[in-house]
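Chemist: Take this structure, written in structure tokens, and hold onto it; I'll ask about it next.
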Amino acid sequence: WVLLDFWASWCGHCRQAMPELQATVKKFKKLKVYGIAVSDEIEDTKKAISNLNITWPVMTDPEGESARAYGINAIPAMILFSPDGKIAARDFNVTNLESLLEEKMQ
């Protein structure tokens, strides 16, 4: 299971979601998270990774091309991929993530 988390250092809702996302990552060992910092300055992203104690890989996309490729118009946004590489869920937020994972990982 792979979760793409589209976020930015300047996004207040993104920053607020990080503690809950970190708790969910610890609970679901089969889940791999990759952050994509979109429309953000690389130095600001690096500072946020440190300040928020983000432990998963974060890719930078200053131009927001990856978000556009997935049809994402606003952040925070998440896409969950199943082990077969197909999109299992999108258009959900961190508050729904744990119940979504419990449902999908059965």
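Chemist: With all protein chains present, how much of the accessible area of the chain (probe radius 1.4 Å) comes from carbon and sulfur, to the nearest whole percent?
Modeler: Working: 3120 of 6170 Å².
Of the solvent-accessible surface of the chain, carbon and sulfur hold 51 percent.
Chemist: Test of understanding: in a Gaussian network model of the chain with alpha carbons linked when under 10 Å, which of GLY35, GLY85, GLY64 would top the mean-square fluctuation ranking?
Modeler: GLY85
Chemist: Count the net charge of all other residues whose Cβ sits under 10 Å from the Cβ of ALA89, scoring Lys and Arg as +1 and Asp and Glu as -1. Kindly include the intermediate steps, with their values, before the conclusion.
Modeler: On the way: positive: ARG90, LYS104; negative: ASP91, GLU103.
Charge balance in the 10 Å sphere: 0.
Chemist: So what are the ³J(HN,Hα) numbers for the stretch 95-101, from phi and the Karplus equation (6.51, -1.76, 1.60; θ = phi - 60°), rounded to whole Hz, Gly and Pro as x?
Modeler: 5, 8, 4, 4, 5, 5, 5
Chemist: Let me ask something else. May I ask you to derive the relative contact order of the chain, considering only C-alpha pairs under 8 Å and at least 6 residues apart, and to give it as an integer percent?
Modeler: Numbers: 156 pairs, mean separation 35.2, N = 106.
Rounded, it is 33 percent for the chain.
Chemist: Give the accessible surface of the stretch 1-51 per residue, rounded to a whole number of Å², with probe radius 1.4 Å and ligands, DNA and RNA excluded. Write out the running numbers ahead of the final one.
Modeler: On the way: 2760 Å² over 51 residues.
Per-residue value: 54 Å².
The values are calculated or read from the model by the stated rules, or taken from the named source; none is laboratory data. Computed from a prediction, not measured in an experiment: that's the story for all the values here. Counting neighbours? That spans all protein chains shown, and the Cβs are built from the backbone with ideal geometry, glycine included. With ligands, DNA and RNA removed, areas are computed over all heavy atoms of the protein, side chains included. Shrake-Rupley method; radii C 1.70, N 1.55, O 1.52, S 1.80 Å.
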